[in-house]
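The values are calculated or read from the model by the stated rules, or taken from the named source; none is laboratory data. The shown structure was predicted, so the numbers you read here are calculated from the model rather than taken from an experiment. For neighbour counting, all protein chains shown are included, and Cβ atoms are generated from backbone atoms with ideal geometry for every residue, glycine included. Ligands, DNA and RNA are stripped out before the accessible areas are found, and what is left, the full protein with its side chains, is counted by its heavy atoms. Shrake-Rupley method; radii C 1.70, N 1.55, O 1.52, S 1.80 Å.
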Amino acid sequence: MSALQAYVRATAPIGRGVERIGPFLATFAQDTSHPMANYAIPDDGAKPSSAEIALLISAYQQRNLLPRLEFFTEAAPDVEAALLAAGFTVERRVPVMTCGAEERVDCVAPEHIRLREPVSDDEFRRLRSVQNVAFGEPPEVSDADVERNRDYLTVLAEHGKTMVGGGIALDIVAGATEIVGIAVAAEYRGQGIAAAITAHLTRLAHERGARTAFLTPGDVGIGTVYRRAGYRVAGECVHVSLS
């Protein structure tokens, strides 16, 4: 978990503002106040004082943002209790699932579904819109979102000319990559498309140098989809915010 936490600590600041506050790396998105894009990460083995937590809270409140953290509990086992004592509450706990190249299981997409990498801004935009809707967000996609996604390994799923889903593998750092944004339009779910996207994207990531791919499913139930592609639970990620 420490190696994967180091990966998140290295990649989360990309495209964001950062501030070192005691044992915390605080990140601030430049174009959105969404809580999922603005959060802090503790150092491994951190034992934050109440004063350091107060400074962290102030840094987010001064920016009119919700004080919030995401971290792997095994890497910083003493942090959660200190945050709860300061008034934070647990939003959710999600499993951290990993897949090495030797563990990957290929999942075949349904015959009517084609998997490929997007090649144009329009395709990146339409894919991001499908992902937004799938995750309960507005369908609108900014130019900044399109430009940001072009930097990552991306796979889309299409039925004819209809974009039905996709996913993203973030930067490969020290042999690791994070798989994010696996999404399928509501009317196409239950056909094995998400598992096929995950397997295809993971294979491409492994072929391009990643030794380990990892992801954090939005809920325990969706984890069964990723298990089909060879992912297994390796730890836990906790999300906490100031109540």
Using a 1.4 Å probe over the heavy atoms of the protein chains, calculate the carbon and sulfur portion of the accessible area of the chain as a whole percent. 51
Rounded FRET efficiency, nearest 0.05, which uses the C-beta distance separating Ile14 from Ser50 and R0 of 30 Å: 0.45
How many nm separate the modelled label positions at His34 and Gln191, each set 7 Å beyond the Cα in the direction of the Cβ? 2.5
If R₀ is 30 angstrom, what is the calculated FRET efficiency for the pair Arg148 and Ala174, using the beta carbon separation as r and rounding to 0.05? 0.85
Name the residue from Ala229, Val8, Ser33 whose Cα lies farthest towards the positive end of the charge dipole of the chain, charges +1 on Cβ of Lys and Arg and -1 on Cβ of Asp and Glu. Ala229
Length gained, Gln62-Ala81, 0.36 nm per residue minus C-alpha separation, equals 4.4 nm
DSSP beta bridges in the chain: the antiparallel percent, rounded to 5, is 90
I'd like the accessible area for Ser49, computed on protein heavy atoms only with a 1.4 Å probe and all protein chains in place. Round to 10 Å², please. 50
Reduced to Cα centres, the span from the range 12-36 to the range 69-131 in Å works out to 18
Tell me which of Thr98, Val108, Phe71 sits at the most positive position along the dipole axis of the range 1-150, charges placed on C-beta atoms (Lys, Arg +1; Asp, Glu -1). Phe71
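Leaving out ligands and nucleic acids, and using a 1.4 Å probe, what accessible area per residue does the range 97-163 come to in Å²?
58
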Show that you can apply the helix-only estimate: for the chain, add -39,500 (n - 2.57) for every DSSP H stretch of four or more residues, divide by all residues, and state [θ] at 222 nm to the nearest 500. -8500 deg cm²/dmol
Heads up, the range 116-243 by the C-alpha gyration tensor (a ≥ b ≥ c square roots of eigenvalues; a/c under 1.5 rounded, else a/b over b/c prolate, else oblate) looks rounded
Given 25 °C and 0.890 mPa s, compute D for the chain with the Stokes-Einstein relation, Rh being the Kirkwood radius over Cα pairs; round to the nearest whole µm²/s. 131
